[in-house]
Structure formats: C-alpha cells, structure tokens
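Working notes, beginning with the structure itself.
Each value in this text was obtained by applying a stated rule to the coordinates, not by laboratory testing. The structure presented is a predicted model; accordingly, all values stated were derived computationally and were not measured. Positions of Cβ are backbone-derived with ideal geometry, glycine not excepted, and every protein chain shown enters the neighbour counts.
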Amino acid sequence: MESKQYGVEKDMADNKPIIEGIEQGSIGEELGIEKGDTLMTVNGQRPRDLIDYRFMCAEEDLELEIMKNNGEIWSCDIQKDYDQDLGLLFAGDTFDGMHSCVNKCIFCFVDQMPADMRESLYVKDDDYRLSFLHGNFITLTNINRQEMERIIKMRISPLYISVHCTNPRLREHMLGCKRAGRIMEQLSILAEAGIEMHIQIVLCPGINDGEELERSIRDLTALYPRVQSIAIVPVGLTRYRENMQALRKFNTREAGIVIDTIHLHQKRFLEKYGTPLVYLGDEFYVLAGRDFPETQYYGEFPQAENGVGLVRLFYDSFEEERSRIPDRLENKKRVALVTGVSGEKVLKPIAEDLNKTGNLDVEIVGVFNEFFGGHVTVAGLLTGRDVLKTLKEQIPFDLILLPSVMCKRDEPVFLDGKTPADLERELGVPVRVIDVDSGAGELIRAITG
C-alpha cells in the first residue's frame with residue numbers, strides 16, 4: 001500500500017462520499033485516511049453510492065483518490081485480497097443525492113405529520129439503493145430505464161416495493177402519479193431478470209380491499225418465487241389530514257374478514273409452495289381482537305421490520321427465556337411497561353406470567369396518543385409529552401421500561417425531541433429503554449435483575 005500527496009484542491013458535488021469513520025486495524029487506517037476526508041475516485045471512477053463503492057473495491061488492485069480536510073489530494077495505491085474491506089465508513093449511502101418520492105399518496109404518513117417537528121421526519125425517500133441497503137420501501141414511480149438496467153446488471157436484489165394494488169387506474173389514484181399504473185410491467189421485468197422482491201400493501205377499507213385485494217394477490221403471487229413475500233398492513237391515520245382524501249380505519253368486523261381471507265390464502269400457499277407467502281401486519285389481529293397466529297404462519301419472518309410477526313417473535317423468545325424468571329425477588333418492585341394502546345393486549349399475557357413472581361408487580365401502562373389522535377395506537381409513534389403526562393397520573397413506580405421503538409434508532413430521542421432522561425428527571429424514577437426487537441431476554445433481565 002502506498003499513498004502520495006498532491007497539494008491541489010478539487011471541487012466536489014454537494015453530495016460527497018464523506019468518510020465518517022475508519023475501522024481499527026483496517027487498510028484505511030494504515031493509509032492514514034481520517035474522519036472528514038472525502039473519497040473522490042476508485043480506479044479513476046467516482047462512486048455514485050455505497051453499492052458502487054463496494055462493487056469497485058472488490059478488486060485486488062486499487063487506486064484511491066482521497067481529498068483531505070485541508071484540500072490536499074492523496075493518491076493511494078492498494079494491493080489487497082479480493083473482497084477485503086478497506087474499513088471506510090461513510091456519512092451517507094448515496095453520494096449523488098437521494099431519490100425523493102414524487103407521489104401524493106392518499107395515505108402518506110409524512111403528509112399527515114404536524115409542523116415544527118425534527119426535519120428528518122419529513123424526508124420522503126423513494127430510492128432503490130436504500131431499498132436494497134436498508135429494506136426501505138419504494139414505489140418504482142421514479143425509476144428510469146438506465147436505473148432499471150443498473151438494477152438488473154448489478155443484481156441489486158432483494159428490493160422492497162410498495163405496490164398497494166395492481167389495478168393500474170386505482171394505483172394511479174392511490175399514489176397520485178400517472179406513472180404508477182406500470183407496476184406489473186416493472187415487476188415482471190425485474191422477476192424475469194431474477195431480482196427478488198418483498199411487497200407491501202397498505203390496505204385502505206373500501207378502496208383497495210375486497211376484490212381489489214384478491215386481484216393484487218393473484219397478480220403478485222403469479223411472480224413467485226421472485227416475489228418472496230407480500231405484507232398487508234392497515235392504513236395509519238393521524239388527525240393532521242387537512243386537504244387529503246377522506247379515509248377511515250378498519251373496524252373490528254372488517255379486520256376479522258381480512259384475517260379470515262388471508263388465512264385461506266396462507267393455507268393454500270403453504271401446501272403449494274411450502275411458505276405462507278402472504279402475511280398480515282400484527283395490528284390487524286389487535287383490531288380484530290384475535291389471537292396471533294402460530295410461528296408457521298410467518299415463514300422465515302421476511303417482513304418483521306414492517307410490523308409483521310414481531311409479536312409472535314416476542315412471544316416465542318419469552319417462552320425461551322421463561323426459565324430465567326425467579327420464583328421471588330428479594331425486594332418488592334413495581335415496574336411500568338409503557339406501550340401504545342394497541343400494545344396493552346400484546347403485553348397482557350407477558351405481564352400475567354411475570355406477576356407470578358413474588359414481590360414483583362408489573363403493570364402495563366397504555367398511553368393514549370393525544371398528539372397524533374386516537375387512530376394512532378402503536379408505541380412507535382408516541383411522543384415524550386404523552387408518555388410523561390400518562391405516567392404522572394399513575395401511582396409511583398420503582399422502574400419504568402420503554403420499548404426502543406419509541407425512540408430514534410441511533411439516539412434516545414422521542415418524536416417531539418424529549419428524551420428518556422427528561423422523563424427520568426421529571427418523574428424521579430429510573431427509566432430504561434429496552435430493545436424489544438432482540439427478544440424478551442433484555443426485558444426479563446431489566447425487571448428481575
């Protein structure tokens with residue numbers, strides 16, 4: 001490995017491959033590359049995104065052009081093993097800008113956000129690269145021919161795609177975009193090229209359910225095995241819907257009909273393909289007051305991060321960890337499990353089991369979402385102020401547990417900017433954030449430990 005320095009400045013586009021960190025012991029560290037430096041070219045080519053970077057850096061012989069913080073240009077010659085990582089971490093995944101959403105969906109949650117919240121909450125990405133790298137859902141309405149060719153050529157797979165319906169006219173209406181009607185043509189091209197896809201349908205009562213849902217399932221499952229999963233989630237509505245099409249949430253009876261319909265499809269696909277293929281978001285079972293399906297009805301849990309099967313995964317992990325629960329605690333402890341209104345039913349059997357332990361009193365605290373309105377019942381959309389208001393009205397606890405979905409993924413901050421530390425100061429009680437995505441083990445340790 002060799003690096004040469006040139007005292008020359010070069011202009012870069014606004015969106016740069018800025019290096020955010022260097023892994024210890026890596027080639028990048030050995031070369032003297034530092035946080036804040038910019039990767040300009042790899043073998044003379046400027047990477048457009050993290051996909052390009054990984055593809056280019058798979059070679060054994062590399063020449064990197066690095067712009068240092070002071071404007072100097074370094075040329076770094078590298079010989080390495082094939083696929084050996086350079087250890088460079090970037091501030092963003094797209095170096096040429098992010099593809100924004102061009103749609104005006106009738107159910108868009110971003111359009112239902114109130115003003116004056118943190119800027120990142122209003123970002124509407126629709127970028128196939130973020131779909132591949134992070135599982136973000138895209139609509140394909142802003143994909144051009146060159147990008148489609150790149151997806152196929154570079155085997156950018158799997159992709160996560162929001163379809164909502166396969167009826168061209170109806171999809172154009174639901175997405176507010178004339179290009180939306182080409183969806184089956186686009187999916188067929190991707191399937192023929194061997195690109196795997198995970199599909200999302202946001203279901204709106206009276207619009208894309210019933211016969212339209214049957215049509216969508218029929219069209220999409222015809223592309224199996226390239227279509228790997230179809231997740232159906234209920235529309236989410238807030239009280240901030242000015243100038244948007246009137247929509248309503250599913251009632252108990254309608255949610256039950258959806259469940260019964262999808263279960264019939266799941267049984268058929270299990271027999272035919274060995275996988276359920278079509279899945280329902282957990283919220284449908286809460287709305288219908290139904291028990292959650294057994295593990296087999298979630299296959300390999302392909303869309304757990306989309307709220308499909310998270311409850312079953314949590315229940316299963318609780319069963320695995322049950323032996324760690326002691327018969328009795330040394331001292332009395334009163335614990336609050338904070339959740340959204342819909343989470344109360346989910347946590348009820350967990351709390352009942354935990355309360356068999358002597359000296360332990362676990363209470364579920366369901367927080368009503370005043371900020372977004374009563375239709376929003378999930379824990380992940382609660383604000384700190386609503387949580388604080390509810391807890392202030394409760395008998396004092398010894399410990400307050402919050403699910404990690406209430407906060408940003410990379411920072412303990414609620415939607416409204418409040419933090420768990422703010423709650424702890426105002427309530428005078430220890431507040432702990434629990435990573436429920438990793439299972440029930442951390443919850444049990446926090447309560448009993």
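Provide the gained length on full extension for the span Asp327 to Tyr273, in nm with one decimal, where the gain is 0.36 nm per separating residue minus the Cα-Cα distance.
15.0 nm
For helix 210-221, report the angle its Cα long axis makes with the longest principal axis of the Cα atoms of the chain; keep it between 0 and 90° and round to the nearest 10°.
Compared with the principal axis, the helix lies near 40 degrees.
Just from its helices, what would the mean residue ellipticity at 222 nm be for the chain, if runs of 4 or more DSSP H residues each count -39500 (n - 2.57) and the sum is divided by every residue, rounded to the nearest 500 deg cm²/dmol?
Estimated from H runs of four or more residues: -9000 deg cm²/dmol.
Can you compute 3J(HN,Hα) from phi for each residue in the range 251-259, using the Karplus curve 6.51 cos²θ - 1.76 cosθ + 1.60 with θ = phi - 60°, rounded to whole Hz and x for Gly and Pro?
8, 4, 5, 5, 5, x, 5, 4, 4
Taking trypsin sites (Lys or Arg not before Pro) that fall in a DSSP loop and have at most 13 other Cβ atoms within 10 Å as cut points, what is the longest piece of the chain between them?
249-355
Take His265, His134 and order them by how many other Cβ atoms sit within 10 Å, fewest up front.
Fewest-to-most ranking of His265, His134: His134, His265.
With a Förster radius of 60 Å, plug the Cβ-Cβ distance of Lys35 and His375 into 1/(1 + (r/R0)^6) and report the FRET value to the nearest 0.05.
0.85
Please quote Rg/Rh for the range 316-448 to two decimal places, taking the Kirkwood radius as Rh and restricting both calculations to Cα atoms.
0.95
Name the residue, out of Leu31, Leu175, Leu415, whose mean-square fluctuation peaks in a Gaussian network model built on the chain with Cα pairs under 10 Å.
Comparing Leu31, Leu175, Leu415 in the GNM, the peak value goes to Leu31.
Roughly how far apart, in whole Å, are the Cα centres of the range 126-149 and the range 327-399?
Rounded to whole Å, the Cα centres lie 39 Å apart.
Report the residues of the range 216-237 in range of a label on Arg155: point 7 Å along Cα→C-beta, backbone N strictly under 18 Å from it.
225-228
Restricting to DSSP loop positions (anything but H, G, I, E, B) with no more than 12 other Cβ atoms inside 10 Å of their own Cβ, which GluC sites (Glu not before Pro) remain in the range 225-296?
Hits after loop and neighbour filter: Glu242, Glu294.
Mind telling me which of Gln79, Gln266, Gln200 comes out most flexible in a GNM of the chain, alpha-carbon contacts under 10 Å?
Between Gln79, Gln266, Gln200, it is Gln79 that shows the largest mean-square fluctuation.
Would you work out which of Phe90, Cys57, Asn43 lies farthest towards the positive end of the dipole of the range 36-100? Charges go on Cβ: Lys and Arg +1, Asp and Glu -1.
The residue sitting most towards the positive pole is Phe90.
Under 28 Å Cα to Cα from Lys345, which lysines show up? Leave out anything in the same chain fewer than 8 places away.
In chain and number order, the partners are Lys249, Lys267, Lys332, Lys333, Lys356, Lys389, Lys392, Lys408, Lys418.
Hey, with R₀ at 41 Å, roughly what FRET efficiency would Ser100 and Asn359 work out to, going by the Cβ-Cβ distance, to 0.05?
The calculated FRET efficiency here is 0.15.
Using a 4.7 Å Cβ cut-off, which Cys residues in the chain lack a partner cysteine?
If one checks each Cβ against the other cysteines of the chain, Cys57, Cys76, Cys101, Cys165, Cys177, Cys204, Cys407 turn up with nothing under 4.7 Å.
Setting aside same-chain residues fewer than 8 positions from Lys153, which lysines have a Cα under 28 Å from its Cα?
Within the straight-line limit of under 28 Å, Lys153 reaches these lysines: Lys16, Lys80, Lys124, Lys178.
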